[in-house]
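J.: First the structure, which I've put down as C-alpha cells, then a few questions once you've had a look.
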Amino acid sequence: MEMIKRGAEAEIYLASWRGRKVVIKKRVRKKYRIERIDRQIREQRTKREALLIISARKAGVSVPIIYDVRLKRKEIVMQYVEGERLKDVLDMKSKEWQKKICHMIGRSVANLHKNGIIHGDLTTSNMIYMDGKLYFIDFGLGSKSKEIEDMGVDLHLLMEAFKSAHKNEALFKWVAEAYMKNFGNGKEVLKKVEEIAKRGRYMRRVE
Amino acid sequence: MICLGIEGTAHTIGVGIVEKKNDKCNVLANVSKMYKPKEGGIHPREAANHHSKYLPDLIKNALEKAKLEVKEIDLISFSIGPGLGPCLRTAATSARALALLLKKPIVGVNHCIAHLEIGRALTSCKDPVLLYVSGGNTQVIAYMEGRYRVFGETLDIGIGNCLDKFGREIGLPFPAGPEIEKLAKKGKKYVTLPYSVKGMDVAFSGILTACINLIGKKKIEDLCYSLQETCFSMLAEVTERAMAHTEKEEVLLGGGVACNKRLQNIIKIMAKERGAKFYCPKKEFLVDNGAMIAWTGILMYESGMEMNMEETKVRQNYRTDEVEVKWR
C-alpha cells in the first residue's frame, strides 16, 4: 500500500483489492482526543461518507464505486478514479470544453441537492474527469439536508473555489445555468448564495 | 518607542506599557482589574462603571511600575473592538483624553489581532495558526495575503461562554472555567455529548443544552470532564484543518480559555502528531491585557496607521479580517 495523500483526518492509500486498483481512505486515530470520542467520530464519519457516496450514485452522479466498508478499521475501499483532476486541467482547456464541464458540474450538483445530499467540499480538487464523465470524490464533509441554506453554503464554496483557483470568471455562471435548469429550487438557492457572499467572513461588512 | 495601551472589551480593564527596542517587545508594565458580577453573567453597563472606576489608578500604577513619567509615553493605543459597547467606549474615551492631553498620536487596535501579535512577540513563533479562545470569541486565525483571515470560528457562542453558562447551572461563580477544569480532573466516565464540527467551524450551544439536561442524572465531575473533552477535541480538529489548509507548521494559543491545561495539552499533542510546533504565552498575556494592545499599537503606528480622533469610534462588531495588516 502506497500513501498518496495525508489530510487533516484521513490518509489515502493506493492498493489492490481482488485484482482491482483501489483507493483506501483510512480515518486515523487522533491521540489528542480520548478513545471514546475518537472511535465514535471515526466510525460515524466513515459510515456517513460511504452512505453519501452510495446515495450520490443513486442520484445519478458519477462517484467512485464503493467496494468495501471496514468499520472496525475505519476504512472505505473504493474505485480508483484514474483521470485528470479538474483543478489541474481546467485552465488549460478551451472555452467550449470549460463550458461543457461547468454544465456537467451544475447538473451533477443539482442532482445531489435534489436528493438532499450536501457535498460539503465542492472544489475543483474534488472533481476528476475520466472517460467523458465528471466524478465527484471526497464526501468527508458531506451531510444530508434539504435546507436552502445548506445548499447555498455548498454552492458558495464552489464559487469561492473558482475565484481563488481559476482565471475564467464565467465558470460559475455556467455552473449556475445548468444548476437552475436541472433543479426547481435552483433560483432560490442561487439567491441564497449571493446573500451568503455578503455575510461571509471574508467580506467587509456592509453598514 | 514607548506605547501605553488600554484594554477594555469585556470584563477586564487593563493598562500595558510596552517598549519596542531593536524590534523586540519589552513589556514595562502590565496591570489589570477584572469585573466579577455578583450573580449571572457580565452586565455591560456595570462592567463599564467598574472600568471607569479603576482605570485612573491602573494608569498611575502602570507608570510607577514602568518607572516612567507620563510625558515619556510616545503613543496611546486602545482596544477599539470587537466587544461590549459600554466597555469599549470607556476605554476609548480615556485613551482619547490621554492622547489630547499629552498631545500624542492615537491608534485603535483590533482586540483579536492583539492576542495574536503579543503571542508572536513573546514566543519564538513566526507565522502561526492562532487558536483564539475566550468568553465571547472562538476563532482560528492565520495570516494570508495581507490580512489575518478567520479560517474557522464558532457559529453560535464562544467556548468560554459555553463553560460559564454550564458553570452557572451548577452554581459556580463567573468565570467558571478554572473550577470546571478542577472538577473535570476528578471525572472519569465519558458521557456521550453531541460533537459539532461543520467544516472548519464549530458550534457549542447544542452541547451546552445536552450537558445541562444531564445535570442530576450524571455526576457533575463526569459532566465537566465530558464537556471539556468534547469541546476541546472539536477545537483541536478545526485548528488542525486550518493548519493543513494553510500549510503552516506553528500553532499558537491565545485568549483566557487557553489557560486551561487540558486544552493546552490537547493542542500540544495535535501539533506533535503533525510534526508542528506548539506555542503558548504566559498566562498574563493569554487573558485580556493592556500589553497586547500597546504592542500592536506600536506595530500599527510604525506602519503608518495613526488615527484621527474621528476614526477612533468604537466598533462592536469589528472583524479580524477587516484590518489591513500593513506591518507584515
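J.: Which residues, taken from the range A:118-153, are more than 14 Å from chain B (Cβ to nearest Cβ), among the hydroxyl-bearing types (S, T, Y) and touching an Asp or Glu at 6+ places or on another chain (Cβ under 8 Å)?
T.: A:Y129
J.: Still on this model: From the set of residues in the range B:301-328 that are in contact with a strand residue (DSSP E or B) (Cβ under 9 Å, 6 or more places away or on another chain) and among the acidic types (D, E), which is surrounded by the most Cβ atoms within 10 Å (Cβ to Cβ)?
T.: B:D321
J.: For the range B:236-250, enumerate the residues that are more than 10 Å from chain A (Cβ to nearest Cβ) and either part of a helix (DSSP H, G or I) or closer than 28 Å to B:G167 by Cβ (or both).
T.: Our first condition is that a residue be more than 10 Å from chain A (Cβ to nearest Cβ); within the range B:236-250, this holds for B:246-250.
Listed by number, the list holds a single entry, B:T246.
J.: Name the residue, out of A:H156, A:H113, that is under 14 Å from the mean Cα position of the chain (by Cα), more than 14 Å from chain B (Cβ to nearest Cβ) and over 20 Å from A:R85 (Cβ atoms). Break it down into steps so the answer makes sense when it comes.
T.: Details: A:H156 fails: more than 14 Å from chain B (Cβ to nearest Cβ).
Selected residue: A:H113, the only one of A:H156, A:H113 that is under 14 Å from the mean Cα position of the chain (by Cα), more than 14 Å from chain B (Cβ to nearest Cβ) and over 20 Å from A:R85 (Cβ atoms).
J.: Do we have B:I298 as in contact with a helix residue (DSSP H, G or I) (Cβ under 9 Å, 6 or more places away or on another chain), crowded, with 19+ Cβ neighbours inside 10 Å and not aromatic (F, W, Y) here?
T.: Details: in contact with a helix residue (DSSP H, G or I) (Cβ under 9 Å, 6 or more places away or on another chain): no; crowded, with 19+ Cβ neighbours inside 10 Å: yes; not aromatic (F, W, Y): yes.
In short, no.
J.: Looking at this structure, is A:D88 at pLDDT below 95 and either in contact with a Ser or Thr (Cβ under 9 Å, 6 or more places away or on another chain) or hydroxyl-bearing (S, T, Y) (or both)? Reasoning before the result, please.
T.: Values: at pLDDT below 95: yes; either in contact with a Ser or Thr (Cβ under 9 Å, 6 or more places away or on another chain) or hydroxyl-bearing (S, T, Y) (or both): yes.
In short, yes.
J.: Related question: If you go through the range A:195-203 one residue at a time, do you hit one that is part of a helix (DSSP H, G or I) and at pLDDT 95 or above? Give the derivation first.
T.: First, pick out the residues of the range A:195-203 that are part of a helix (DSSP H, G or I): A:195-199.
From what is left, the residues that are at pLDDT 95 or above are none.
Within the range A:195-203, none of the residues are part of a helix (DSSP H, G or I) and at pLDDT 95 or above.
J.: Got at least one residue in the range A:80-101 being within 14 Å of another protein chain (Cβ to nearest Cβ), among the hydroxyl-bearing types (S, T, Y) and out of contact with any strand residue (DSSP E or B) (no Cβ under 7 Å at 6 or more places or on another chain)?
T.: Within the range A:80-101, the subset within 14 Å of another protein chain (Cβ to nearest Cβ) is none.
For the range A:80-101, residues within 14 Å of another protein chain (Cβ to nearest Cβ), among the hydroxyl-bearing types (S, T, Y) and out of contact with any strand residue (DSSP E or B) (no Cβ under 7 Å at 6 or more places or on another chain): absent.
One line per residue, one yes/no per condition, for (1) over 15 Å from the mean Cα position of the chain (by Cα); (2) closer than 27 Å to B:D201 by Cα:
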residue	(1), (2)
A:K93	yes, no
A:Y129	no, no
A:L141	no, yes
A:A170	yes, no
A:Y179	yes, yes
A:N182	yes, no
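J.: Okay, moving on. Would the range A:141-159 turn up any residue that is part of a loop (DSSP other than H, G, I, E, B) and either crowded, with 17+ Cβ neighbours inside 10 Å or on the phi > 0 side of the Ramachandran plot (or both)? If you could, list the steps in order and put the result at the bottom.
T.: Narrowing the range A:141-159 to residues part of a loop (DSSP other than H, G, I, E, B): A:141-142, A:145-147.
Filter once more, keeping what is either crowded, with 17+ Cβ neighbours inside 10 Å or on the phi > 0 side of the Ramachandran plot (or both): A:141-142.
Yes, the range A:141-159 contains at least one residue that is part of a loop (DSSP other than H, G, I, E, B) and either crowded, with 17+ Cβ neighbours inside 10 Å or on the phi > 0 side of the Ramachandran plot (or both).
J.: May I pose another question? Tell me which residues, restricted to the range B:74-105, are over 19 Å from the mean Cα position of the chain (by Cα) and crowded, with 24+ Cβ neighbours inside 10 Å. Full working, then the answer.
T.: Of all residues in the range B:74-105, those over 19 Å from the mean Cα position of the chain (by Cα) come to B:74-76, B:93-105.
The answer is B:L75, B:I76, B:A95.
J.: For B:G40, only one of the following conditions fails: (1) modelled with pLDDT of 95 or more; (2) assigned to a loop (DSSP other than H, G, I, E, B); (3) small (G, A, S). What is its number?
T.: The number of the failed condition is (1).
J.: How many residues does the range B:201-235 hold that are assigned to a loop (DSSP other than H, G, I, E, B) and closer than 18 Å to B:G177 by Cβ?
T.: In the first step, residues of the range B:201-235 are kept if they are assigned to a loop (DSSP other than H, G, I, E, B); the result is B:203-204, B:214, B:216-217, B:219.
In the following step, the residues that additionally are closer than 18 Å to B:G177 by Cβ were identified as B:204.
Within the range B:201-235, residues that are assigned to a loop (DSSP other than H, G, I, E, B) and closer than 18 Å to B:G177 by Cβ number 1.
J.: Among (1) more than 11 Å from every other protein chain (Cβ to nearest Cβ); (2) crowded, with 16+ Cβ neighbours inside 10 Å; (3) charged (D, E, K, R), there is one condition B:K268 misses while meeting the rest; what is its number?
T.: For B:K268, the failing item is (1).
J.: A follow-up question, please. Looking at (1) farther than 22 Å from A:E194 by Cβ; (2) outside any helix (DSSP H, G or I); (3) at pLDDT 95 or above; (4) touching a Gly at 6+ places or on another chain (Cβ under 8 Å), find the lone condition where A:N111 falls short.
T.: A:N111 satisfies every listed condition except (2).
J.: What do you reckon, is B:A121 assigned to a helix (DSSP H, G or I) and either among the aliphatic types (A, V, I, L, M) or surrounded by fewer than 24 Cβ atoms within 10 Å (Cβ to Cβ) (or both)? Before the answer, list the steps.
T.: Numbers: assigned to a helix (DSSP H, G or I): yes; either among the aliphatic types (A, V, I, L, M) or surrounded by fewer than 24 Cβ atoms within 10 Å (Cβ to Cβ) (or both): yes.
Judged against the criteria, B:A121 is a match.
J.: Quick one: what pairs do we get from the range A:28-48, first residue more than 8 Å from every other protein chain (Cβ to nearest Cβ), second part of a loop (DSSP other than H, G, I, E, B) and small (G, A, S), C-beta under 8 Å, 6+ apart or different chains?
T.: Once the first residue is more than 8 Å from every other protein chain (Cβ to nearest Cβ) and sits in the range A:28-48, its partners that are part of a loop (DSSP other than H, G, I, E, B) and small (G, A, S) give A:R45/A:G140; A:R48/A:G142.
J.: Looking at A:C102 and the list (1) within 22 Å of A:V175 (Cα to Cα); (2) touching a residue at least 12 places away in the same chain (Cβ under 8 Å); (3) of a type outside the set (A, V, I, L, M); (4) surrounded by fewer than 21 Cβ atoms within 10 Å (Cβ to Cβ), which single condition is not satisfied?
T.: A:C102 satisfies all of (1) within 22 Å of A:V175 (Cα to Cα); (2) touching a residue at least 12 places away in the same chain (Cβ under 8 Å); (3) of a type outside the set (A, V, I, L, M); (4) surrounded by fewer than 21 Cβ atoms within 10 Å (Cβ to Cβ) except (4).
J.: Which of (1) under 16 Å from A:R45 (Cα atoms); (2) surrounded by 19 or more Cβ atoms within 10 Å (Cβ to Cβ) does B:K198 not meet, given it meets every other one?
T.: So the condition that B:K198 fails would be (2).
J.: Could you tell me how many of the residues in the range B:75-102 are closer than 12 Å to B:L4 by Cβ, touching a Pro at 6+ places or on another chain (Cβ under 8 Å) and not in a helix (DSSP H, G or I)?
T.: 2
J.: Further, regarding this structure: Can you find a residue that is in contact with a Cys (Cβ under 8 Å, 6 or more places away or on another chain), modelled with pLDDT of 95 or more and part of a helix (DSSP H, G or I) anywhere in the range B:300-314? Steps first, please.
T.: Going residue by residue through the range B:300-314, those that are in contact with a Cys (Cβ under 8 Å, 6 or more places away or on another chain) are B:301.
Checking which are modelled with pLDDT of 95 or more leaves us with B:301.
Narrowing the set further to residues that are part of a helix (DSSP H, G or I) leaves B:301.
Yes; the residues of the range B:300-314 include at least one that is in contact with a Cys (Cβ under 8 Å, 6 or more places away or on another chain), modelled with pLDDT of 95 or more and part of a helix (DSSP H, G or I).
Yes/no per residue for (1) without any contact (Cβ under 8 Å) to a residue 40 or more places away in the chain; (2) away from every other protein chain (no Cβ under 14 Å); (3) closer than 25 Å to B:G167 by Cβ:
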position	(1), (2), (3)
B:A258	no, yes, yes
B:K283	yes, yes, yes
B:A291	no, yes, no
B:I298	no, yes, no
B:E302	no, yes, no
B:E306	no, yes, no
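Every residue, every condition in (1) in contact with an Asp or Glu (Cβ under 8 Å, 6 or more places away or on another chain); (2) part of a strand (DSSP E or B); (3) within 18 Å of B:V27 (Cβ to Cβ); (4) not assigned by TED's automatic domain parsing to the domain that holds B:V27, yes or no:
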position	(1), (2), (3), (4)
B:L252	no, yes, yes, yes
B:V257	no, no, no, yes
B:A294	no, no, yes, no
B:N317	no, no, no, no
B:R328	no, no, no, yes
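J.: Give me a count of the residues in the range B:186-209 that are without any contact (Cβ under 8 Å) to a residue 40 or more places away in the chain and within 14 Å of chain A (Cβ to nearest Cβ).
T.: Within the range B:186-209, the first condition is being without any contact (Cβ under 8 Å) to a residue 40 or more places away in the chain, and the residues that meet it are B:186-196, B:206, B:209.
Narrowing further to those that are within 14 Å of chain A (Cβ to nearest Cβ): B:187-196.
Within the range B:186-209, residues that are without any contact (Cβ under 8 Å) to a residue 40 or more places away in the chain and within 14 Å of chain A (Cβ to nearest Cβ) number 10.
The values are calculated or read from the model by the stated rules, or taken from the named source; none is laboratory data. These numbers were taken from a predicted model, which means no experiment stands behind them. Neighbour counts are summed over all protein chains in view; Cβ atoms, including those assigned to glycine, are modelled from backbone coordinates with ideal geometry.
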